[in-house]
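What follows is a set of notes on a single structure, which appears directly below.
Here, each number is a calculation from the coordinates, and none is a lab measurement. The structure displayed is predicted, hence computed values, not measured ones. In this analysis, Cβ positions are derived from the backbone assuming ideal geometry, glycine residues included, and neighbour counts consider all displayed protein chains.
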Amino acid sequence: MNTATPMDPETLEKIARKRAKAKMGWFRHATVYALVNTGLFLLATLSGHAWHLFPLLGWGVALLIHGLVVFALPSGDGLHAQLLQKERERLQRTLP
């Protein structure tokens, strides 16, 4: 049984824009990764050493994590929503 409440079009549009922005952020990250590491590979080839593998692997792990957060995990809004709600409650307790 689906107990989710339907969202109004404005909320759906806001969520869709946020998710599309996150995905575009990953694609930009992947493009910069590919360009920079290609340059590092060329420099390393000229020097005759394989030092380019260290930034390639380190940055690759970060890109992988970024991709998992954007594509594999649920929206990611759950943690943000929980933190936001806790902060609202804390702030309301401090109001006179």
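Set Lys and Arg Cβ to +1 and Asp and Glu Cβ to -1, take the dipole of the stretch 9-94 about its Cα centre, and tell me which of ILE65, LEU40, GLN85 lies farthest positive.
Looking along the dipole axis, the top candidate is GLN85.
Estimate the FRET efficiency between PHE41 and LYS18 by the formula 1/(1 + (r/R0)^6), using the beta-carbon distance for r and 41 Å for R0, to the nearest 0.05.
Working: r = 35 Å, r/R0 = 0.85.
So the FRET efficiency works out to roughly 0.75.
Between (i) 5.5; (ii) 10.5; (iii) 11.0, which entry matches mean projected area of the Cα convex hull in nm² as derived from the coordinates of this structure?
(ii)
Please state the charge dipole magnitude for the stretch 9-94, taken about the Cα centre, from unit charges on C-beta atoms (+1 on K and R, -1 on D and E), reported in debye and rounded to the nearest 20.
280 debye
Using the count of nearby Cβ atoms within 10 Å as a rough guide to exposure, how do LEU53, LEU84 rank from fewest to most?
Working: LEU53 14, LEU84 11.
In increasing order of surrounding Cβ atoms, one gets LEU84, LEU53.
Determine the calculated [θ] at 222 nm for the chain from helices alone, applying -39500 (n - 2.57) to every DSSP H run no shorter than 4 residues and normalising by the residue count; nearest 500 deg cm²/dmol. Write down the numbers at each step before the final one.
Values: 3 runs with 72 residues, N = 96.
Rounded to the nearest 500, it is -26500 deg cm²/dmol.
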